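What follows is a single structure, written as structure tokens, with notes after it.
The values are calculated or read from the model by the stated rules, or taken from the named source; none is laboratory data. Note that this is a predicted model, so its numbers are computed, not measured. When we count neighbours, we look across all protein chains shown, and the Cβ atoms used for this are built from the backbone with ideal geometry, even at glycine.
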Amino acid sequence: MAHNQEVFQFLLAFVQMSKGFKVGFMEVNFPPDGDLLIMALREHPKCVGIQFAVLRFADPDLRFLLEAIKEELPKIEIQPDKKLVLVLQGLEKAIAYSGDNPPILTNINYARDSFPGAIPHPLLFALPDYAVTRIAQFAPDFWAWTSSTFKFQTLPETRDRLTSEVSSYSHNPNRFLQNLKGAIALIY
């Protein structure tokens, strides 16, 4: 976390100061880093009065985000003595890396005025940089609700580990196939 300490402090201020509906974006390009950030927030002493509820939306065909969040809200055991902050993960699958206007973004933009009344809590989107850019591009009216964007750099140890793994596969291409066959065998 030391690598992104300054931006983490801004994120802490956002979750502490936000009241009611606010929108923030955590720009994280490697999903496990997003999980580490959420864990760091939950464990930070300045966040003892905050309940972080992570909502995972991995469906690439998701179209109606507001409805999906409203379906999940009753399932959250809200702690009455804590402020609730919703963290949304996995939406990059529905937003997609490229292509024309994704249906989810058309709907987010259209439903933008319904969000504050339906979700009276801060929303933190955990997304890779391309997905944040596509929200700004294809849902500009929703994007106008944004209070802050927090750009986290991939941790050096994560980058080094991934580089090492890719390098080992490029030196031994059969290793990838062996690992894939092993993973498939475990499933079946």
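Things worth noting here:
- The single residue among L37, L88, L66 that is surrounded by 12 or more Cβ atoms within 10 Å (Cβ to Cβ), within 21 Å of T146 (Cβ to Cβ) and at pLDDT below 95 turns out to be L37.
- The requirement of being assigned to a helix (DSSP H, G or I), assigned by TED's automatic domain parsing to the domain that holds H121, out of contact with any helix residue (DSSP H, G or I) (no Cβ under 6 Å at 6 or more places or on another chain) and of a type outside the set (V, I, T) is fulfilled nowhere in the stretch 48-55; no residue meets it.
- Candidates are the residues of the stretch 119-145 that are touching a residue at least 40 places away in the same chain (Cβ under 8 Å) and not hydrophobic (A, V, I, L, M, F, W, C); the one that is farthest from Y97 (Cα to Cα) is P120.
- Close pairs from the stretch 64-82: first touching a residue at least 24 places away in the same chain (Cβ under 8 Å) and outside any loop (DSSP other than H, G, I, E, B), partner surrounded by 15 or more Cβ atoms within 10 Å (Cβ to Cβ) and β-branched (V, I, T), Cβ under 9 Å, at least 6 apart: L65/I104; L65/I108; L66/I108; L66/I119; I69/I119; K70/I119; L73/I119
- Flag if N107 is assigned by TED's automatic domain parsing to the domain that holds A136, part of a helix (DSSP H, G or I) and farther than 29 Å from F8 by Cβ: yes
- Of all residues in the stretch 14-33, none satisfies the criterion of being buried (at least 20 other Cβ atoms within 10 Å of the Cβ), of a type in the set (S, T, N, Q) and in a helix (DSSP H, G or I).
- Qualifying residue in the stretch 121-133 (condition: surrounded by 15 or more Cβ atoms within 10 Å (Cβ to Cβ), touching a Ser or Thr at 6+ places or on another chain (Cβ under 7 Å) and either of a type in the set (V, I, T) or in a helix (DSSP H, G or I) (or both)): yes
- Only one entry of A58, A53 meets the criterion of being in contact (Cβ under 8 Å) with a residue 24 or more places away in the chain, surrounded by 14 or more Cβ atoms within 10 Å (Cβ to Cβ) and within 19 Å of A126 (Cβ to Cβ), and that entry is A53.
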